[in-house]
1. Please tell me if PHE32 is within 25 Å of LEU206 (Cα to Cα), open to solvent by less than 30 Å² (accessible area, probe 1.4 Å) and modelled with pLDDT of 95 or more.
2. What number of residues within the stretch 107-119 satisfy the criterion of being open to solvent by 20 Å² or more (accessible area, probe 1.4 Å) and under 21 Å from GLN45 (Cβ atoms)?
3. Here are the criteria: (1) open to solvent by less than 60 Å² (accessible area, probe 1.4 Å); (2) modelled with pLDDT under 65. Tell me which single one ARG9 does not satisfy.
4. Quick one: which strands (runs of 3 or more DSSP E) lie wholly within the stretch 120-219 and hold at least 2 residues that are closer than 30 Å to ILE100 by Cα?
5. Please list, ordered by first then second residue, the pairs with beta carbon atoms under 8 Å, 6 or more apart or interchain, first in the stretch 63-85 and among the charged types (D, E, K, R), second part of a helix (DSSP H, G or I) and open to solvent by 80 Å² or more (accessible area, probe 1.4 Å).
6. All but one of (1) within 25 Å of ASN159 (Cβ to Cβ); (2) at pLDDT 95 or above; (3) surrounded by 14 or more Cβ atoms within 10 Å (Cβ to Cβ) hold for ALA68, so report the exception by its number.
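The values are calculated or read from the model by the stated rules, or taken from the named source; none is laboratory data. Predicted model only: the values in this text are computed from it and were never measured. Please note: Cβ atoms are built from the backbone with ideal geometry, for glycine as well, and neighbour counts cover all protein chains shown. Keep in mind that these areas ignore ligands, DNA and RNA; they rest on the heavy atoms of the full protein, side chains included. Shrake-Rupley method; radii C 1.70, N 1.55, O 1.52, S 1.80 Å.
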Amino acid sequence: MKQRLNYGRITWSYDDDLDSKVTGSPTPLLQFTAIRIQGKFKVPQFSDRVTLLLLKHKTKIKISFREAYLRWYLEESHSDRDLGEGKAFLLWLKKTNQSIAWKKTDYKLHRFFTDDNAPKHDPEDEMAEELSFAVRPVEVEGRKVKLYLQDDAVLNLINLSYGEESDFLGLVKNYVALRFKWESWRAPAPPFLDWVKSQAKRPVFLPGQLGFSLLTETT
C-alpha cells in the first residue's frame, strides 16, 4: 500500500499541552443515533471500514439516513444477514442506486476528532484528496513533515490488538527519521503500517494527534 510524505507544504499550529491521561484508540469513528423501529429503538452497528465506505458512497438519488435504514431493516435486513449489518445495508444502497443525505444529528463523532487541536484537512492540498484522516505534522531534523496514510492503514493501526504500547506521534517521528536515511541511501522503504508491525508496536493515540474528515456535506 503506497504511503506518501509531504515536506513543508502545510503549517499547523497546535498546543502540545495535552492531557496525557486521555489515551486509547479512536474507535468506533462515530456512533449512529438510535432509530425507532416498530416501537423500539435500534442503534445501527457498522464497522469503521463500512462506515467510511458509506460516507464516500455517493449517487444522484439521496435519502435521509433514517428513511434508508428503516426501509432496509423492514424490507431487506434478513436477505443478506451473512454479510453483517453494515455490509448488507451498503449493498442495499448500491442495488437501489441511493446514497445518504447526511445530517449532523445522524451520528456523534468520536471525541478524539472533535478536539480543538485535531489537525484539519487542507482543501487545496492534492496529496490529501480521498484520504479520510489527517495526521498532525511532526518536526524531524528541523523539518516539519506531514505523513499521509491511506484509510486502510489508519484503520489497521487503530484496531491493532497486540504489540508494545507506544505513542502514535512518537512512532511517526521515528519512522520519518528512518525515511530520511532510506532516501539518502536510495533504499526501499516499508509502508508505515508494515514498519509499526515489524517493531511489534501498538499505537496509543492522544486527542489532537489525528483528524478526521467526513468527506461529505452535512446539514
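1. yes
2. Summing the residues that are open to solvent by 20 Å² or more (accessible area, probe 1.4 Å) and under 21 Å from GLN45 (Cβ atoms) in the stretch 107-119 gives 5.
3. Against the list (1) open to solvent by less than 60 Å² (accessible area, probe 1.4 Å); (2) modelled with pLDDT under 65, ARG9 comes up short only on (1).
4. Values: elements: 133-135, 138-140, 143-148, 164-167, 201-204, 210-212.
In the stretch 120-219, the matching strands (runs of 3 or more DSSP E) lie at 133-135, 210-212.
5. ASP80/LYS87
6. Unmet condition: (1).
Per-residue answers, yes or no, for (1) closer than 21 Å to PHE212 by Cα; (2) open to solvent by 10 Å² or more (accessible area, probe 1.4 Å):
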site: LYS87; (1), (2): no, yes
site: TRP92; (1), (2): no, yes
site: HIS121; (1), (2): yes, yes
site: GLU126; (1), (2): yes, yes
site: PHE168; (1), (2): yes, no
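Quick grid of which residues meet (1) in contact with a strand residue (DSSP E or B) (Cβ under 8 Å, 6 or more places away or on another chain); (2) free of Cβ contacts under 8 Å to residues at least 12 places away in the same chain; (3) not aromatic (Phe, Trp, Tyr):
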site	(1), (2), (3)
ALA128	yes, no, yes
LEU131	yes, no, yes
ASP151	yes, no, yes
ASN159	no, no, yes
LEU169	yes, no, yes
LYS181	no, yes, yes
